[in-house]
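We did not get these values from a lab; they are worked out from the coordinates using the rules stated. Quantities reported herein were computed from a predicted structural model and do not represent experimental measurements. When we count neighbours, we look across all protein chains shown, and the Cβ atoms used for this are built from the backbone with ideal geometry, even at glycine.
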Amino acid sequence: MIDRTLAPASFPVKNFNFRTYRKIILNDHIEGLVIPDKQHPICSIEIIFRSGSWFEKNPGVAFLTGKMLLEGTTTKNGEEIALAFEHMGAHIEIQTAVDGTSIRLFATQKHIHSSLSLLQEILFTPSFPTHEFEVIKNLKAEQIKMQLAKNTYFATSYFHELLFGATHPYGRSIKEAEIKQRSLFEIKDFFQLQFQNNPKVVLCGDIDEKIIEKTALLLGNINKGDEQMTSFEIQPSHGHQTIERSDSVQASLRMGAQTIHRGDQDIHKLTVANKLLGGFFGSRLMKKLREEKGLTYGVYSSITHAQNASYWTISTEMKSDNAEDSLEAIHEIITELAQNYPSLSEVDMLKNFLRGKFLSSMNSILDVASMYTLLFVNDIPHHFLTTSLETIDNIRPKDISEMIQKYYLDPDKSSLFVR
């Protein structure tokens, strides 16, 4: 009979068999990635354009352009587009971020060609209807207004401004008044001049050569852009700031700093150290602030990698009366972990968690596609994943303390209370 009081044995993840992939070039200049899986007749095709808010002249233009694409073409209105995809059992997602815009199409093998034809119509003959544009603007403005009323959203937005500066794309957030000022002319102009810049394509699932040819045909009218990216100076505000808001019972705390990018030799060790600090439920921050001191229900530390910057953040929400005690406790935890090595048992527990997390992140073909796409779009070599696994197996308590000392304790930090 199994003894349920004993944890099952754990093992290093050795010789992990990553799914195969191949790189292709479409139309002599568009980079593509094919991740085959013949188990199910499902296809996913993602097109990533360098057309995020980094490239817009006025705030909100990139977002509104992405939202308007599904509102109508020269032959179909938005409802007809939605019904057409539904009839084919297909689904389309358009997401605009700072660095780019992603258009992802899901369809069965049987209907992928007709789905691609509809996508081609959306990409090349959008109608940008006036009424729908005004509706989307008003909805977004109202959403911004409601979100900014919440301390957690307001704190995150303002904290990014502290990290990068108000004029930097990573520090800038869309204001209610700005979204209302946008015109349909700006959207059409951005679409014509910027939206289809330098695409990359990821094809995943039951992909054959005909689907690849159809995708190449879809993108046949897109030229390789030669534009130079606008550079923005990062202007962080170090130190601590407090913003008092009326009728606020709960406080939001943010702390963070610029850090190394994915290509740095320390990145895998730093990622593991961050997890021990505040990246899972058994972390130092969670144990001290939640379990021992009862200051908060949850506190988390994370590392965010954008294409042109990386930064770490510690975030938590608590009662306003606990804000100062929480900030002091966080500084103490960082200092203690930097100066005293964690125990072997604590590190082993973390390693087991990270191994399991890695394996679960590779469960399905879509999980794998998300991981491979991240590497592909950011020009990160595939051995990044194997190096990550090797680091999990080989990292020492000493390494973790050194990473906290180097990247959390020493650098100038920014912190913020919103309450």
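What the table shows:
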item	result
Helix axis angle, 130-148 relative to the chain longest principal axis, alpha carbon, degrees	0
Protection-proxy order for peptides 152-163, 374-385, 5-16, each taking the mean of Cβ atoms within 10 Å per residue, highest first	152-163, 374-385, 5-16
Mean-position separation - Cα centroids, the stretch 93-155 and the stretch 255-305, in angstrom	32
Tilt relative to the chain, helix 209-218 - C-alpha long axis, 0 to 90 degrees, to 10	80
Straight-distance crosslink candidates among aspartates and glutamates, where the alpha carbon sits under 13 Å from K406 and sequence neighbours closer than 8 are dropped	D266
Cα-based reach from K210 at 17 Å (exclusive), listing lysines while leaving out same-chain residues under 8 positions away	K23, K38, K110
Sequence-separation-based contact order of the chain, relative, with Cα cut under 8 Å and 6+ spacing, percent	20
Efficiency of FRET from Cβ geometry, T130 and D410, R₀ 56 Å, rounded to 0.05	0.55
Cα-centre dipole for the stretch 231-374 with unit charges at Cβ (Lys and Arg positive, Asp and Glu negative), debye to 20	540
Nearest-ten-degree value, helix 344-360 long axis tilted from longest Cα axis of the chain	10
Calculated FRET efficiency for the pair K38/D393, C-beta based, R₀ 22 Å, to 0.05	0.10
Qualifying aspartates and glutamates (Cα of each under 13 Å from Cα of K180; at least 8 residues distant if same chain)	E134, E142
Given (i) -0.48, -0.64; (ii) -0.33, -0.43; (iii) -0.41, -0.54, the label whose value is log10 I(q)/I(0) by the Debye sum over Cα atoms at q = 0.07, 0.08 Å⁻¹ derived from this model	(iii)
Mean residue ellipticity (222 nm) of the chain, computed from DSSP H runs ≥ 4 via -39,500 (n - 2.57), nearest 500	-12000 deg cm²/dmol
In Hz, Karplus ³J(HN,Hα) per residue of the stretch 54-70 (6.51, -1.76, 1.60; θ = phi - 60°; x = Gly, Pro)	4, 9, 8, 7, 10, x, x, 5, 5, 4, 5, 4, x, 5, 6, 4, 8
Sorted peptide list for 363-371, 47-55, criterion being average Cβ within 10 angstrom, highest first	47-55, 363-371
